[in-house]
Amino acid sequence: MEEKYLSAATRLPAQDLDRARRWYLEKLGLRPTEERPGGLRYCIGAGEFSIFLSSGRSAGDFTQLAITVDDVRPVVDELKRRGVNFLEYESGRLKTIDGIAHVAGNYPSKGSAELGCWFHDSEGNLISLGQSLKEAMT
């Protein structure tokens with residue numbers, strides 16, 4: 001049955017589509033790949049996500065969109081300069097330092113661990129950045 005499924009994508013609600021468009025451009029440097037009434041489609045590598053006009057709002061308390069980067073630290077530094085506010089966590093095994101957490105364990109095909117960080121977009125959606133680590137950090 002798997003061969004019936006061609007791809008998967010994320011959908012993020014926005015109460016103000018123009019505000020969301022500006023935020024994604026100014027903060028993340030992303031421009032919509034396509035537009036339609038009430039929606040913006042973005043492509044990153046082989047993945048995609050859409051932002052749609054909605055009267056509903058995300059609770060923003062779980063990751064809704066995960067973006068993978070080669071080197072998370074310079075990306076975080078740049079996004080901070082652009083005004084992105086990264087969340088700080090200290091709960092159980094998850095602890096951030098300067099907005100970045102070392103997350104032990106990973107899917108075997110992706111490496112041994114990852115670095116991750118989280119922030120909210122203009123609409124309250126929780127976005128993460130992640131970098132796979134091939135070897136465990138000491």
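Here are a few things to note about the model shown:
- DSSP beta bridges in segment 1-104 [antiparallel fraction, %, rounded to 5]: 70
- With protein chains left intact and a 1.4 Å probe, residues in segment 31-111 average 68 Å² of accessible area per residue.
- In the chain, the portion of solvent-accessible area held by carbon and sulfur atoms comes to 50 percent [1.4 Å probe, whole percent, DNA, RNA and ligands not counted].
- Of the trypsin sites (Lys or Arg not before Pro) found in segment 1-44, not one falls in a DSSP loop while having at most 16 other beta-carbon atoms within 10 Å.
- Cross-link reach is defined here as a Cα-Cα straight distance under 22 Å, omitting same-chain residues fewer than 8 places apart; for residue 80 the lysines meeting it are 27, 95.
- For the chain: relative contact order, % (alpha-carbon pairs under 8 angstrom, 6 or more apart): 24
- Ordering 58, 79, 68 by Cα displacement along the dipole of the chain toward the positive end leaves 58 in first place; charges were set at the Cβ atoms of Lys, Arg (+1) and Asp, Glu (-1).
- Amide H partners (placed H, <5 Å) of residue 66, local residues excluded: 128
- Gaussian network model of the chain, Cα within-10 Å springs - most flexible of 115, 17, 94: 94
- For the chain, modelled as a GNM whose springs connect Cα atoms under 10 angstrom apart, the maximal fluctuation among 85, 125, 106 occurs at 106.
- The long axis of helix 17-28 is offset from the longest Cα principal axis of the chain by roughly 30 degrees.
- Read-out Rg/Rh (Cα atoms, Kirkwood Rh), derived from the coordinates shown; its label in (1) 1.11; (2) 1.01; (3) 0.98: (3)
- In a DSSP loop and with at most 15 other Cβ atoms within 10 Å, the chymotrypsin sites (Phe, Trp or Tyr not before Pro) in segment 17-84 are 62.
- Charge dipole (the chain, unit charges on Cβ, about Cα centre) - positive-most of 94, 116, 43: 43
- Dipole moment magnitude, nearest 20 debye, the chain about Cα centre, only Lys, Arg, Asp, Glu C-beta charged: 200
- When the chain is treated as a Gaussian network with alpha carbon springs shorter than 10 Å, the biggest mean-square fluctuation among 26, 88, 35 belongs to 35.
- Taking the helices alone, the chain has a mean residue ellipticity at 222 nm of -5000 deg cm²/dmol, built from -39,500 (n - 2.57) per DSSP H run of at least 4 residues and averaged over all its residues.
- The modelled label-to-label distance for the pair residue 71/residue 15, using points 7 Å beyond Cα in the direction of Cβ, is 3.9 nm.
The values are calculated or read from the model by the stated rules, or taken from the named source; none is laboratory data. As the structure is a prediction and not an experimental result, all values here were calculated from the model. Ideal geometry is used to build each Cβ from the backbone, glycine not excepted, and the neighbour counts take in all protein chains shown. Ligands, DNA and RNA are stripped out before the accessible areas are found, and what is left, the full protein with its side chains, is counted by its heavy atoms. Shrake-Rupley method; radii C 1.70, N 1.55, O 1.52, S 1.80 Å.
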